[in-house]
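Everything on this sheet refers to the single structure shown next.
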Amino acid sequence: MSETRCGFVAMLGAPNAGKSTLVNALVGAKVAIVSPKPQTTRSRIAAIATEGATQVVYADLPGVFAPKRRLDRAMVDAAWRGVADADLTLLVVDAAAPGEAAEAVRDELARRGHKAVLVLNKVDIVERSKLLGLAKAWNEAFAFSATFMVSALTGDGVADLRAHVVAAMPAGPWHYPEDQLVDLPSRLLAAEITREQVFLQLHQELPYSTHVETETWTDQDDGSVRIEQTVTVEREGQKRIVIGSGGMRIKAIGQRARTELEAILGRRVHLFLNVKVTEGWAEKRGVYSAWGLDYNAR
Ligand SMILES: Nc1nc2c(ncn2[C@@H]2O[C@H](COP(=O)(O)OP(=O)(O)OP(=O)(O)O)[C@@H](O)[C@H]2O)c(=O)[nH]1
Ligand SMILES: [Mg+2]
């Protein structure tokens, strides 16, 4: 038997760069949640791709930004811990918006003395000449070990990037069974899928004020699963918006989340959402420990 290889790959970047979309493209399945709003990913989600003798564990990470709240600090801390634990770091940059936020991540990477591969993402919406100029400028600012130009959305360039990652993995035993796709308990995965709908269907501060927890998970005799979740917001006014007139909004969130979950789990899902107000939920320790976040991150 050929020698096995296994390694961890950190997806680093500013919020909204397309890290989660790229993880899904690299593993060829929907594992990480995606939305057009920044700070969608809140904690490290490991997606596993095993091909041939090599297992790659992609750590989708929260974006790096200037944190204000306790939860923000925990998210940014999770991103840098993900990099510290990785065999390879991909610095994902939105090539259509490579602004100060992305440059700050690059400079912090240098300050911490990490190596990285530069991944210019969203090439589907950027002119070729602009892209080449960007690659040049970024390579002058940091000694990247390689540069890739991809579109996580269309899949352009993703196979080349994947091949580079696979070749960079160190020799070692696999960490997961060959057929495992994600390292996240089903209850947390189900909560993420509902949270994705919250990010897609609610606006302004609401997605950032919302937390989703799976309360019960019951496998039924007919092969379906009954899932009860609590959607927690901070104020009564927010609860009214999440529920919507005549319950329309929460119903739409539940319907889309259920459809997504059925596709992911490959079985029928009965999803029940309950909306609750807990002022200051983001100051509760349990929220952090469940997601592997550090309550005391600075
Ligand atoms: N046009 C285009 N849009 C993309 C591409 N990749 C991602 N997007 C879009 O960019 C937005 C952000 O994508 P995400 O994958 O959630 O970005 P992220 O870096 O994980 O963001 P956070 O989790 O908030 O840090 C979504 O609307 C995606 O559809 C791409 O290659 N091309
Ligand atoms: Mg993300």
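Details
- Scoring SER2 on the criteria (1) at pLDDT 95 or above; (2) of a type in the set (S, T, N, Q); (3) open to solvent by 10 Å² or more (accessible area, probe 1.4 Å) leaves a single failure, condition (1).
- Hits in the range 108-133 (condition: without any contact (Cβ under 8 Å) to a residue 24 or more places away in the chain, at negative phi and not basic (Lys, Arg)): GLU127, SER129, LEU132, GLY133
- The listed residues are THR21, THR40, and the only one of them that is hydroxyl-bearing (Ser, Thr, Tyr), within 13 Å of ligand 2 (Cβ to nearest atom), within 10 Å of the chain's Cα centre (by Cα) and open to solvent by 30 Å² or more (accessible area, probe 1.4 Å) turns out to be THR21.
- Of the listed requirements (1) within 8 Å of ligand 1 (Cβ to nearest atom); (2) within 30 Å of GLY286 (Cβ to Cβ); (3) crowded, with 19+ Cβ neighbours inside 10 Å; (4) over 9 Å from the mean Cα position of the chain (by Cα), LEU12 misses just one: (1).
- Looking only at residues of the range 43-75 that are surrounded by fewer than 22 Cβ atoms within 10 Å (Cβ to Cβ) and within 13 Å of ligand 2 (Cβ to nearest atom), we find that the one that is farthest from VAL198 (Cα to Cα) is PHE65.
The values are calculated or read from the model by the stated rules, or taken from the named source; none is laboratory data. The model shown is predicted, which means the values in this text are computed figures rather than measured ones. Positions of Cβ are generated from backbone atoms using ideal geometry, with glycine treated the same way; all protein chains shown enter the neighbour counts. Ligands, DNA and RNA are stripped out before the accessible areas are found, and what is left, the full protein with its side chains, is counted by its heavy atoms. Shrake-Rupley method; radii C 1.70, N 1.55, O 1.52, S 1.80 Å.
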